[in-house]
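To start, the structure under review is shown below, and the notes come after it.
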Amino acid sequence: PFADRVYSDFEQGQASLTRHFLERGHRRMLRLSTGPGRLYEKQKSAGYRRAALDAGLAEKAWGELVVPQRTEALPPSERVARLTELLREPIKRIRPTVVFAINDPEVPAVRLALRALGVSDVEVAGYDADWSEMHAALVADYGADAVAGAVPVTVDANLPKVAEAMAEMTLARAFGRLDAKPQGRTVSQTLVVD
């Protein structure tokens, strides 16, 4: 609160992504998270919760699963094994028809973990709209079969727009065109459906 700031609206982004699947008839959902310690994860959780509750979903029909941050650093095969272990109970309990991965690069690992659990009829959504940039690396990590046809419905956090807004605000501050009070702006996120 003591400095100018620009946020990408993760609450709105996750709510838009969740509503997209709700509108397509999904009524059982699971969102993967790195935990509530990061502001964007708190915001994504709030957007997910709001969309599920607004749709009138019973709390047992949706849930969130914290994937320990150290899992992100594991080699691909170990990552899939860890996700398989973590997903086993929530998949049985919730029986989701859609899983919201932490981000786009996580999609193939989640798909492979679901496959290892014998689950083939669950959609996996991404986040961050970096699928195309990561495609070659994901094929190298998880194989063409795991990546083929996996282009996720995702959300673009519009981080270049955040940077532009911050640069504009910084210049306005430098030229004395802003109130003395620190300013805050929010940039909307964009649902990306291929």
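Any read-out appearing in this document is the output of simple, stated calculations on the displayed coordinates, not a laboratory observation. What you see is a predicted model, and the numbers here were worked out from it, not measured in a lab. Note: ideal-geometry Cβ built from the backbone for every residue, glycine included; neighbour counts use all protein chains shown.
Table for the structure above
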read-out	value
Lys/Arg +1, Asp/Glu -1 at C-beta; segment 1-143 dipole; positive extreme among V107, A61, V122	A61
Within a Gaussian network of the chain (alpha carbon springs, distance under 10 Å), most fluctuating of S45, S77, S33	S77
Karplus (6.51, -1.76, 1.60) ³J(HN,Hα), θ = phi - 60°, over segment 113-119, in Hz, Gly and Pro reported as x	5, 4, 4, 5, 8, x, 10
Answer label, with Rg and Dmax of the Cα atoms in Å calculated from the coordinates and candidates (i) 17.0, 56; (ii) 18.2, 61; (iii) 15.7, 46	(ii)
Dipole of the chain [Lys/Arg +1, Asp/Glu -1 at C-beta], most positive-end residue of V187, A136, F175	V187
Cross-link reach list, lysines versus K161, counting only Cα pairs under 26 Å and skipping chain neighbours closer than eight places	K42, K44, K181
Length-normalised contact order for segment 125-194 - Cα pairs under 8 Å, 6+ apart - percent	42
DSSP bridge pairs, the chain: antiparallel proportion in percent, nearest 5	15
Charge dipole magnitude, Cβ of K and R +1, D and E -1 - the chain, Cα centre, debye nearest 20	740
For segment 63-77, Karplus couplings with θ = phi - 60° (6.51, -1.76, 1.60), whole Hz, Gly/Pro x	x, 10, 10, 7, 9, x, 4, 5, 5, 4, 8, 6, x, x, 5
For the chain, calculated [θ]222 nm from helices alone, where every DSSP H run of n ≥ 4 adds -39500 (n - 2.57)	-15000 deg cm²/dmol
Cleavage-rule hits (chymotrypsin sites (Phe, Trp or Tyr not before Pro)) in segment 1-43: DSSP loop, at most 16 neighbouring Cβ within 10 angstrom	F2
